[in-house]
Each structure stands twice: as structure tokens, then as C-alpha cells.
1. Tally the residues that are more than 26 Å from residue 548 (Cβ to Cβ) and among the hydroxyl-bearing types (Ser, Thr, Tyr), restricting the search to segment 397-455.
2. What about residue 23, is it modelled with pLDDT of 90 or more, surrounded by fewer than 16 Cβ atoms within 10 Å (Cβ to Cβ) and outside any helix (DSSP H, G or I)?
3. On the given criteria, is residue 237 in a strand (DSSP E or B), over 35 Å from the mean Cα position of the chain (by Cα) and of a type in the set (Ser, Thr, Tyr)?
4. Considering segment 563-572 alone, what residues qualify as being loosely packed, with under 11 Cβ neighbours inside 10 Å and under 18 Å from residue 460 (Cβ atoms)?
5. Spot the failing condition for residue 455; the list is (1) at pLDDT below 90; (2) surrounded by fewer than 16 Cβ atoms within 10 Å (Cβ to Cβ); (3) among the acidic types (Asp, Glu), and only one is missed.
6. May I ask you to say which residue of 58, 52, 69 is under 26 Å from residue 190 (Cβ atoms), touching an Asp or Glu at 6+ places or on another chain (Cβ under 8 Å) and at pLDDT 80 or above?
7. Which of (1) buried (at least 21 other Cβ atoms within 10 Å of the Cβ); (2) modelled with pLDDT of 90 or more; (3) of a type outside the set (Gly, Ala, Ser); (4) part of a helix (DSSP H, G or I) does residue 381 not meet, given it meets every other one?
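The values are calculated or read from the model by the stated rules, or taken from the named source; none is laboratory data. Quick caveat, the model's predicted, so the values are computed rather than measured. As a convention, Cβ positions derive from the backbone with ideal geometry for all residues, glycine included, and neighbour counts pool all protein chains shown.
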Amino acid sequence: MGHTFRVDLRGIIDLLSHHLYSSPRVYVRELLQNAVDAITARRELDPSCPAGITITCGPELTITDTGVGLTEAEVHELLSTLGRTSKRDDLGFARERFLGQFGVGMLSCFLVASSVTVITRSARGGPAVRWEADSSGNYTVSVVDGDVPVGTSVRLSASRGNDHWLEADVVRPLVSDYGDLLPAVVTLDGAQVTRGVRPWDGVEDGEDADLSAYCEQIFGFTPFESIPIEVEAAGLTGVAFVLPSGVHPGTRQTHRVYLKRMLVGDNVEGLLPDWAYFVRCVVDASAIRPTASRESLYQDEMLLAVREELGEQIRDWLIRLDAIEPRRAGELLAAHHLGIKSLARSDDEMLRLVERWLPFETTEGAIPLRQFKRKHGAILYIPDVDEFHQLAPVAAAQGLGLVNAGYAYDMELLNRLSALDGPAVARRVAPSELLAALADPEPDVETALRLRLSEGAAALDRHDCDAVIRDFDPISLPALLISNAEQQRKLDTEQTAGEVTDPLWAELLGQLTAGSDSSRAEQLVLNCRNPLVQRLARLNDPSLVELTLESLYVHAVLQARRAMRPKDTAALNRSFLELLDRAVGGK
């Protein structure tokens with residue numbers, strides 16, 4: 001024996017209000033959708049019919065349209081049955097041609113209403129029909145006597161606690177938001193509240209004053225540029241607004257999206273590639289799928305294709321801007337450099353734009369890579385910000401040009417330049433190369449310092465550091481710390497091996513360090529031009545020599561912005577206190 005499901009309308013309404021829709025405000029959208037769909041259906045029968053939607057507010061809310069209306073049979077089928085999609089299509093209300101599915105939105109009215117009354121008369125003939133339903137799931141259908149115009153009128157009576165949702169001050173902005181672009185005249189209490197046209201339609205390049213004002217109204221900023229966008233396959237048109245100033249690259253920009261001129265939402269994500277975080281769009285589409293709540297977009301192949309195509313259009317605009325207004329292109333890159341860098345990682349034309357205009361931190365100041373290459377011939381870079389800041393003053397004093405490649409995407413971009421233009425264009429510089437460029441000291445100075453270094457060797461041995469004597473500028477810098485990254489890793493591995501108790505793991509770590517050379521992890525480069533280093537060469541007290549060397553080492557560690565190890569911190573405290581003790585006459 002077969003049975004049919006029974007539907008608890010209150011349970012369905014609770015599901016809609018707490019789990020599907022973000023707010024009861026969507027009932028306005030659903031009513032507008034039904035009204036516009038009804039008008040669309042009637043215009044297929046009579047293209048000259050009026051396209052009007054009238055809303056009145058008071059103790060009750062009434063919305064009346066000049067649409068196709070319903071017969072008594074259609075009222076039963078469309079308004080009183082949930083989920084009968086195939087029958088709706090048979091009756092001529094298929095989703096492909098309309099905003100929603102005719103009649104489904106009526107259910108959302110019960111988010112704010114205790115009862116709903118529909119009076120409708122079909123353009124196909126027949127008497128007017130009244131449909132009355134309450135939130136418990138009961139409804140009645142009756143024939144209406146008298147002269148009722150073709151179309152549909154829906155009246156809502158507020159449920160307890162929801163009277164404010166039917167008031168004009170609440171309904172008016174909702175109608176304006178959802179229905180602003182609808183191809184119908186919508187009036188509320190006698191005043192038109194929608195514009196009925198898309199602001200970007202018919203706007204030519206260069207005529208963006210109105211679009212700038214529209215952007216200010218919608219998003220609250222005056223755009224750097226308004227870019228017309230279109231994706232024919234999705235029936236999408238609109239405008240992309242470029243932000244005038246930089247934003248954090250982690251910011252996910254949201255967009256205002258309409259589907260068939262009905263607003264989906266103000267904060268829709270996923271319309272543009274992640275790198276285009278400096279652009280916000282307003283678009284209207286016909287072939288993009290909304291989610292079940294129709295408040296965001298369904299992530300399918302169509303949306304992926306739209307995202308890729310819109311990204312290409314923004315990229316092409318950037319390239320045109322560089323060709324036509326290069327100075328403005330430079331301003332844009334300065335404001336939104338991370339997004340442009342991200343795009344340049346996989347796009348040759350954008351890479352050239354970055355090379356030509358985007359400032360990089362260098363020993364010559366903040367200048368583009370192409371300008372740096374003109375002076376130095378090749379791009380020598382350091383991939384660590386702290387290391388660059390330590391070595392840059394020394395390199396600049398010796399006439400060497402360095403680029404700081406320690407920021408996001410810099411290494412990838414320089415590697416791509418090397419792949420495109422040859423390995424000689426850009427390469428990483430090891431600190432040891434800078435050491436080789438420093439001058440040798442005078443023999444007598446070197447001899448004196450070598451003697452002092454032998455007397456204070458214990459100070460640097462404690463830190464696994466060798467001393468090197470060089471003659472270099474700037475004279476104010478007494479010592480420079482240069483790290484051997486490979487040797488430092490070996491020392492860290494050896495230290496870890498000494499701490500583990502698992503024999504197998506200790507053996508594996510031992511194999512990793514086998515064959516390591518005896519070179520130290522760090523080198524303290526003493527500048528024999530510096531007055532303090534020169535006085536060090538003349539010291540006769542071995543204990544003071546050791547104290548001075550350890551103090552110079554700790555100072556160099558701080559200058560290098562390297563993380564302080566426990567023994568470094570201990571050396572800092574010890575050397576400071578001992579020097580202070582000597583300064584006040586302790587010994």
C-alpha cells in the first residue's frame with residue numbers, strides 16, 4: 001500500500017529562516033521576482049502590455065503587478081504545491097526564461113506574514129481567483145466576482161513581532177536594493193523607487209563621470225578607473241572599479257551581482273581571480289547559477305570560466321594603460337603592487353610591466369628593475385630582507401648594486417626574468433662574494449690585528465666564528481657578520497643529533513653531517529678603517545682584547561638582525577657588564 005509524504009509548513013518555514021536565507025528581508029526579493037516573471041510571461045503574449053509593479057504599505061503590505069496572472073488550475077498547481085518543477089515548466093514558467101520559479105517565492109512570505117492573500121486574473125481568460133493561506137499550511141481557493149484587471153495582487157498580514165518588516169521605511173530600501181535595475185516601473189506609496197536601467201549601458205570609454213558617481217554610491221570610493229566588462233557566454237555585462245589606493249593583499253574583495261537584473265547580493269565573492277583584489281565589480285548576468293538561497297553564486301564551470309575571462313579583461317586593460325598612459329600605470333602599480341606581482345608570476349607582459357615600472361628596494365633606493373639594470377648591467381639580489389639591510393650599506397660604499405628580493409613574489413619574478421632573458425640577467429649573491437670584493441688591509445695593520453686575534457681567540461671560538469680583516473667603507477661600521485648558511489644548518493643538525501635519544505634517528509642525523517668541512521658557521525669581518533678596530537690593534541691587555549672581540553661580535557649579530565641564541569644573549573650581558581665595570585674603574 002503506497003503512502004504520500006506529509007509536509008509540516010511551519011517546519012519548512014523554520015528551515016528557510018534559520019538555515020537557507022540569511023534574513024527575512026528576502027521575502028521582498030521573492031515577491032519582486034514573481035511579479036517580474038509574471039510581466040515577462042504576459043509580454044510573450046502581448047508585447048505592448050504595461051510593465052508596472054505597485055507596492056503599498058500600511059498595517060498590511062500589498063504588491064500588485066500587470067503580469068500574466070493565473071487561472072484557478074494554475075493557482076492550485078503553482079501556489080499550493082511544493083517542488084513540482086516539471087509541471088511549472090509545462091505551464092510555461094521554466095527557470096531559463098525567468099528570474100525564479102513562479103510561485104516558489106510565495107513560501108518565503110511566511111517568514112514575516114501570518115497569512116497571505118492572492119487575487120489574480122489570467123491574461124489567457126477565465127474568472128479572477130482568490131487564494132488565501134495561513135502559516136499553518138491551510139489554504140482556500142475561490143472565484144472572485146466583479147471586474148478584476150489582468151495581473152496579480154498579493155497582500156501580507158504580519159505575524160507577531162514582524163510588523164516592522166511591512167513598514168514603508170523598511171520596505172523602500174529593500175525594494176531599491178533588490179529591484180533597482182528591473183525592467184519594470186516599481187512604485188511604493190505612489191513614488192518610483194527603482195531606476196529600471198543599468199548605469200553602465202551605453203556608456204562609452206572616457207565617459208565615466210556617471211559611473212564614478214555610481215561607484216561612490218555603491219561602494220563608497222571614487223575609482224581610479226571604471227572598466228567595462230562583458231562575458232558573452234554568461235550573458236554578463238557590467239563595470240569593474242579599480243580602487244584608488246592600496247589594500248591589504250589578504251583582503252577578499254566582494255562584488256555586487258545581479259542575475260537577470262535582480263540583485264543576488266552586495267558581498268558576493270569568487271567573481272574575480274584572487275590577484276585582482278584591488279578591483280570591485282557590479283555585474284548583471286543571465287547564465288550564472290545562484291545557490292539555493294539565491295544570495296551567492298554556485299561554484300561551477302561557468303563561474304570558473306567567467307572568473308578567468310574577467311581576469312583576462314582586467315589584465316588587458318593594465319597593458320593598454322601602460323601603453324597609453326604609462327605614468328598612470330606606474331601610479332597603479334605603486335598602489336597595488338602585490339596583486340600585479342602575483343599576476344606577473346605567470347604572465348610575460350605583466351612581468352615586463354613590473355620590470356619597467358614597479359619600484360624595488362635596492363642600494364640605489366627604490367627604483368624599477370629596468371633602471372637598475374641600466375646602471376649595473378645585471379641584477380644581483382639577496383633573498384633575505386634582514387641580510388640585505390645588513391649588507392646594503394657596505395655594498396653601496398664599494399660601488400656594488402644589490403636588490404632586496406626578500407619580499408613577496410620577488411624571488412619568483414627575478415627567476416622568471418632569468419628564464420626569459422638568460423641567467424646573466426639576475427642571480428643571487430652570496431655574502432662571501434661581497435667579502436671577496438672588500439680590500440685587503442695594510443700589512444702592518446693586519447699583522448697587529450692578527451696578534452690581537454690570537455690573544456682573544458677564545459671569545460670567537462665560543463660562537464663558532466672566524467675573524468677576517470678587511471679595509472672597507474663605511475668607516476663607521478666596526479665589524480660585519482657574514483653567515484655560512486650551509487654550515488649553520490650542519491651545526492644545527494649536529495646539535496639536534498646530540499639531543500635525541502633514538503639510536504636510529506641519531507644515526508640518520510650523523511650521516512647527514514658526515515663529511516662536513518671545518519669552516520665556521522660565521523665570519524666576523526673587522527673593518528681596519530674603523531677607529532675602534534684600530535685601537536683594538538694597539539691593546540696590550542689580553543682580557544680586554546677578548547672582551548672587545550666578543551662585544552664586536554654581539555654588536556654585529558644585532559646589526560645583522562639575526563635571532564639571538566642563548567649564548568649570544570649571555571655574551572651580550574657579560575660584555576656589557578664587564579665593559580661598564582671597567583668604565584667605572586673596576587679593573
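1. Summing the residues that are more than 26 Å from residue 548 (Cβ to Cβ) and among the hydroxyl-bearing types (Ser, Thr, Tyr) in segment 397-455 gives 3.
2. Answer is no for this residue.
3. No, not satisfied.
4. 566
5. If we test residue 455 against (1) at pLDDT below 90; (2) surrounded by fewer than 16 Cβ atoms within 10 Å (Cβ to Cβ); (3) among the acidic types (Asp, Glu), just (2) comes out false.
6. One residue alone meets the criteria, 52.
7. (4)
Residues are listed down the side, and each one gets a yes or a no for (1) loosely packed, with under 15 Cβ neighbours inside 10 Å; (2) touching a residue at least 60 places away in the same chain (Cβ under 8 Å); (3) assigned by TED's automatic domain parsing to the domain that holds residue 257:
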| position | (1), (2), (3) |
| --- | --- |
| 133 | no, no, no |
| 137 | no, yes, no |
| 153 | no, yes, no |
| 167 | yes, yes, no |
| 173 | yes, no, no |
| 177 | no, yes, no |
